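A.B. asks: Structure provided below as structure tokens; questions to follow.
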Amino acid sequence: MIEVDVALGDRSYRVLVGAGARHRLLEVLPVGARRAAVVTQPGIDLSVDPGVEHRVFTMPGGEEAKHLGTVEDLCRDFATWGLTRADVVVAVGGGVVTDTAGFAAAVYHRGVPVVHVPTTLLGQVDAAIGGKTGVNLPEGKNLVGAFWQPEAVLCDIEALATLPPREYRSGLGEMAKYAFLGVDHLPDLPLDEAVAACVRCKADVVAADEREGGGRAVLNYGHTLAHALETAGGYDLRHGEAVAIGLVYAAELAHRLGRIDADRVGEHRRVLAGYDLPMRVPGGLDGDQIVDLVARDKKAVDGVTFVLDGPRGPEAVRVDDRALLLGTLEALR
């Protein structure tokens with residue numbers, strides 16, 4: 001078992017990565033927890049035993065379930081069962097589950113402890129780590145949420161064995177991001193070490209900037225366009241697929257702004273091609289709508305902001321040239 005610490009003072013916690021990590025659940029529950037509300041989705045075939053009295057709450061499947069109505073339903077179910085702040089929420093599933101259940105835990109009784117058991121590659125390398133929780137609005141992705149750090153995260157590699165190929169590939173899209181954030185030789189690592197390396201990278205960034213006041217923005221590399229594509233396309237794209245396209249877009253945009261050369265753009269394309277990820281914007285999406293959605297992104301506090309590669313590596317950059325944004329988008333169709 002590989003252990004990675006997320007160092008946040010009194011909010012620090014462990015991430016356990018390896019085969020059978022889910023069986024360590026009782027060990028990581030908050031001391032004195034009496035009951036556990038296990039939140040999951042249909043079709044997630046991974047059972048957990050918290051070792052205390054527990055009940056399973058099943059939220060609807062798919063990205064479409066990641067909205068405020070689901071949070072209300074979960075909170076009402078918690079209240080009906082009598083969940084208190086002395087208890088714990090256990091989120092078992094992909095990013096949709098950990099984001100939604102984590103947000104419900106953050107707001108129910110103004111905060112109930114949560115443990116994440118991510119069952120997808122995307123969840124294990126990114127979504128379940130770092131304390132970001134939230135849900136979507138019709139106007140955009142992840143626009144309502146809270147920072148709520150988990151008590152622990154259990155990344156059980158065995159859960160990945162039954163993932164559908166497209167779901168696994170989506171996780172590789174999120175993993176590819178870390179190849180440009182300082183994780184060397186990522187494609188050559190065994191799966192557990194690759195997951196742990198991504199977790200370690202994210203943990204270091206989160207420890208330095210827990211609430212995204214500055215440096216943590218780099219973790220959104222590829223995500224600004226990705227979120228817009230997901231919203232505009234009605235979530236036909238998997239998140240990691242959208243991130244892959246967003247990474248190429250960000251590289252092309254950085255090249256047009258003179259921040260990186262053509263070889264660095266080519267490196268982005270080679271990494272993504274090695275993971276068999278998409279690199280073109282799907283047809284049928286309106287470019288103006290996509291740029292409008294980009295402007296609503298959470299990072300756009302002072303104009304349209306992208307994380308772009310450059311001489312110092314990826315960093316947040318304001319881009320005001322709408323024609324440039326549209327032209328780069330059209331070049332990727």
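The values are calculated or read from the model by the stated rules, or taken from the named source; none is laboratory data. Everything quoted here is computed from the prediction, not taken from an experiment. Neighbour counts run over all protein chains shown; Cβ positions are idealised from the backbone, glycine included.
A.B. asks: Where residues in region 4-34 are among the basic types (Lys, Arg) and assigned to a helix (DSSP H, G or I), which of them is farthest from the chain's Cα centre (by Cα)?
C.D. replies: Step by step, filter region 4-34, then rank; the result is Arg24.
A.B. asks: State all residues of region 110-150 that are surrounded by fewer than 20 Cβ atoms within 10 Å (Cβ to Cβ) and more than 21 Å from Leu225 (Cα to Cα); if no residue qualifies, say none.
C.D. replies: Listed by number, the residues that qualify are Arg110, Gly111, Ala146, Phe147.
A.B. asks: Also, I was wondering about something else. With the condition kept exactly as written, say whether any residue in region 157-171 is of a type outside the set (A, V, I, L, M), in a loop (DSSP other than H, G, I, E, B) and more than 14 Å from the chain's Cα centre (by Cα).
C.D. replies: Yes: region 157-171 contains one or more residues that are of a type outside the set (A, V, I, L, M), in a loop (DSSP other than H, G, I, E, B) and more than 14 Å from the chain's Cα centre (by Cα).
A.B. asks: Being modelled with pLDDT of 95 or more, surrounded by fewer than 16 Cβ atoms within 10 Å (Cβ to Cβ), closer than 27 Å to Val195 by Cα and charged (D, E, K, R), is that true of even one residue in region 38-54?
C.D. replies: Yes, region 38-54 contains a residue that is modelled with pLDDT of 95 or more, surrounded by fewer than 16 Cβ atoms within 10 Å (Cβ to Cβ), closer than 27 Å to Val195 by Cα and charged (D, E, K, R).
A.B. asks: Condition check: assigned to a loop (DSSP other than H, G, I, E, B), on the phi < 0 side of the Ramachandran plot and not assigned by TED's automatic domain parsing to the domain that holds Gly82. Does Val183 satisfy that? First the steps, then the outcome.
C.D. replies: Values: assigned to a loop (DSSP other than H, G, I, E, B): yes; on the phi < 0 side of the Ramachandran plot: yes; not assigned by TED's automatic domain parsing to the domain that holds Gly82: yes.
For Val183, the condition - assigned to a loop (DSSP other than H, G, I, E, B), on the phi < 0 side of the Ramachandran plot and not assigned by TED's automatic domain parsing to the domain that holds Gly82 - is met.
A.B. asks: Sticking with this one: Give the number of residues within region 250-301 that are among the acidic types (Asp, Glu) and in contact (Cβ under 8 Å) with a residue 40 or more places away in the chain. Step through it out loud before you land on a result.
C.D. replies: Just the residues of region 250-301 that are among the acidic types (Asp, Glu), to begin with: 252, 261, 263, 267, 276, 286, 288, 292, 297.
From what's left, in contact (Cβ under 8 Å) with a residue 40 or more places away in the chain: 252, 276, 286, 297.
The number of residues fulfilling the criteria is 4.
A.B. asks: Before we move on, is Gly313 farther than 16 Å from Gly140 by Cβ and in contact (Cβ under 8 Å) with a residue 12 or more places away in the chain?
C.D. replies: Yes; evaluated as a whole, the condition is true for this residue.
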